[in-house]
Amino acid sequence: MKKLIEELLSEAPVLTDGAWGTELQARGLEAGDCPDAWNLSHPERVEEVARAYVEAGSRIILTNTFGANRIMLARHELARKAEEINRAGVAISRRAADGRARVFASMGPCGKLLFAEEVREEEVTLAFEEQARALADAGADAIVIETMSDPAEARLAVAAAAATGLPVIACMTFDSGREHDRTMMGTTPEEAAGALTAAGADVVGANCGQGAEGYVMICKRLRAATSLPLWMKPNAGLPEVLDGRLHYCETPQSFAGHAQALVAAGASFIGGCCGTAPEFIRELAARL
């Protein structure tokens, strides 16, 4: 296990941050716009999000780089700016952290399906390697691979991140199946834990997909399948569409009410994903 992870776990559970996308939308990001491009066009608003989580008690904050691989950025004709966007994302979060929190850089899926041959494995590998290098060179403390559904894609991302020498956290999203205990590709928590552990991740876990209550069982199953530390970032419940926008109904209090159950299930790192905000982190801090 990497030294940084050991240091953080000496005071576990470790409080991470909450959602970025919904927080940027609250600051004016329009549906369909590229959130990562705001690192260049609206850095002050991105920094507001990061700083709010630090002030709420997050010991780890992420970066606004979830979709900043060149394959995703190509949708917005920004592929050539991949390195610049990633470097800026780390710089913004480091300014906001100001030594009070660690900065773990976010890497999400490429947005195309390997199994459907929408993209070649070599293209995905190169995109992840470029992003991981940029994040590491900019001074990230670790890299978080998140919201993965396909173990094959997750393995490519983990390999790219691990090549930087930084600690690697690898997470998948469980939102499918009758019990909402599988990824979109049908991967179970046990299969995910095995694949991510074998790929070389230092921490494995789950994020997005469903609320904290459902993730208690996901956490238990991951814990039974791996000895690695677990990272859990559930949503603020399942969204509803109100006035054409997604709305998450869970309150900070109800969300944080599951914190102790997640810890008991084996979670070492706890935060929130879609729909959560600094108030959710503040409430988690009070409970933990």
Can you pull out every residue in region 114-139 that is of a type in the set (A, V, I, L, M) and either in contact (Cβ under 8 Å) with a residue 60 or more places away in the chain or open to solvent by less than 60 Å² (accessible area, probe 1.4 Å) (or both)? L114, A116, V119, V124, A127, A132, A134, L135, A136, A138
Of these, A142, A88, which one is in contact with a Pro (Cβ under 8 Å, 6 or more places away or on another chain) and open to solvent by 10 Å² or more (accessible area, probe 1.4 Å)? A88
Positions within region 127-150 being more than 14 Å from the chain's Cα centre (by Cα) and under 23 Å from F174 (Cα atoms), in sequence order: F128, D150
Give T251, T197, T187 a once-over and let me know the one that is farther than 20 Å from L8 by Cβ, open to solvent by 40 Å² or more (accessible area, probe 1.4 Å) and β-branched (V, I, T). T251
Wholly inside region 58-176, helices (runs of 4 or more DSSP H) that include 2 or more residues that are at pLDDT 95 or above, of a type in the set (D, E, K, R) and closer than 30 Å to L15 by Cβ are 82-97, 121-137, 151-162
Working carefully through the options E77, E6, E30, E44, find the one that is without any contact (Cβ under 8 Å) to a residue 12 or more places away in the chain, open to solvent by 10 Å² or more (accessible area, probe 1.4 Å) and under 18 Å from W231 (Cβ atoms). E6
Which pairs do you get when a residue that is free of Cβ contacts under 8 Å to residues at least 40 places away in the same chain and among the hydrophobic types (A, V, I, L, M, F, W, C), found in region 177-200, comes within reach of a residue that is open to solvent by less than 70 Å² (accessible area, probe 1.4 Å) and not in a helix (DSSP H, G or I), reach meaning Cβ atoms under 6 angstrom, with the pair 6+ apart or on two chains? M184/S149; M184/S176; A193/V204; A193/T226
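The values are calculated or read from the model by the stated rules, or taken from the named source; none is laboratory data. Bear in mind the structure is a predicted one, so any value in this text is a computation, not a measurement. Counting neighbours? That spans all protein chains shown, and the Cβs are built from the backbone with ideal geometry, glycine included. Note: areas computed on protein heavy atoms with side chains; ligands, DNA, RNA excluded. Shrake-Rupley method; radii C 1.70, N 1.55, O 1.52, S 1.80 Å.
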